[in-house]
Each structure stands twice: as C-alpha cells, then as structure tokens.
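The values are calculated or read from the model by the stated rules, or taken from the named source; none is laboratory data. Predicted, not measured: the structure shown is a model, and the values here were computed from it. Here the Cβ positions follow ideal geometry from the backbone for every residue, glycine too, while neighbour counts run over all protein chains shown.
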Amino acid sequence: MLLNVFERLLLRNIVPQIQGVSFGIQENARILLETMFSEDEAEKLQIKLGEDGKNITWKVKDEAGNDIPQVKDCQVSKGVKRVVAEELVRLSESKPPKLSWEHNTLFKKFVDGWEKYLEKDES
C-alpha cells in the first residue's frame, strides 16, 4: 500500500493502540511498524517533533535541493488492514467523533467501501 510520510506517522500512533487481536496480526503490525521508515530514510527526512509537542516536521529536499521520496510501498497484511479500518471507523462513529482531518486519506485507503460513510453527513 502506498503511504506518504504523514500517513505513516499517523499509523505509528494508531497501530499500537489496537488490542485484542491474534498473534499473527500483532506480528504483522510489528513488522509494519518496524519497516515503515528505514534508518536511511529517517536520517534523510530528519523527522522532528515541534517545540509545542504537537507539530511534526520533516525534510522534503536534501542539501543539494533534490526531492526526498515521500511515498513508500508498505506491506500491510489483510488482518492489519482490517483492524486499522475498524479503529478508524470507531473513531469516526464515536460520540463526539474523534476522527481528525488528518485521518481522511488513511480512512480512504484502509476502509473498504468508505464511500458509504459519506451518506452519514447529518447536516
């Protein structure tokens, strides 16, 4: 699954919160977390938490002005995809909803049939 830097950072917060799944899904989730950023990529991106403790920044260009790749093909197992989708739906359907704008692209990538959630617009 193609995931950009921001989506991978969001997943690093979502995946560890998932509890009560099989050993196989846990192991695949661990592998996903460990492989989302290689050491070389992390060094190039220089991901940093802002002074406010909330904002995260990273480089998009290297010292020579060349683009640093932002998208990576991550191996997401069916089980991990399912439990991440369930967590995103839970966040969306909680009262009040806890899904943030930042989660929209992940929601579309992980939740099969995400279009049906468009109909739940209560305005």
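If you go through the stretch 16-36 one residue at a time, how many are closer than 17 Å to D73 by Cα, surrounded by 13 or more Cβ atoms within 10 Å (Cβ to Cβ) and β-branched (V, I, T)? Final tally of qualifying residues: 1. Out of the residues in the stretch 37-50 that are surrounded by 11 or more Cβ atoms within 10 Å (Cβ to Cβ) and of a type in the set (A, V, I, L, M), which is farthest from V83 (Cα to Cα)? Applying the filter and picking the extreme gives L45. Each residue in the stretch 17-75 was checked for being free of Cβ contacts under 8 Å to residues at least 12 places away in the same chain, charged (D, E, K, R) and part of a strand (DSSP E or B), and 3 pass. Within the stretch 76-86, being more than 21 Å from E102 (Cβ to Cβ) and either outside any helix (DSSP H, G or I) or among the acidic types (D, E) (or both) holds for one residue alone: S77.
Restricted to the stretch 105-123, and to residues that are at pLDDT 95 or above and assigned to a helix (DSSP H, G or I), which residue is nearest to L10 (Cα to Cα)? Top of the filtered list is L106.
So, E102, is that one on the phi < 0 side of the Ramachandran plot, in contact with a helix residue (DSSP H, G or I) (Cβ under 7 Å, 6 or more places away or on another chain) and in a helix (DSSP H, G or I) or not? Taking the combined requirement at face value, the residue satisfies it.
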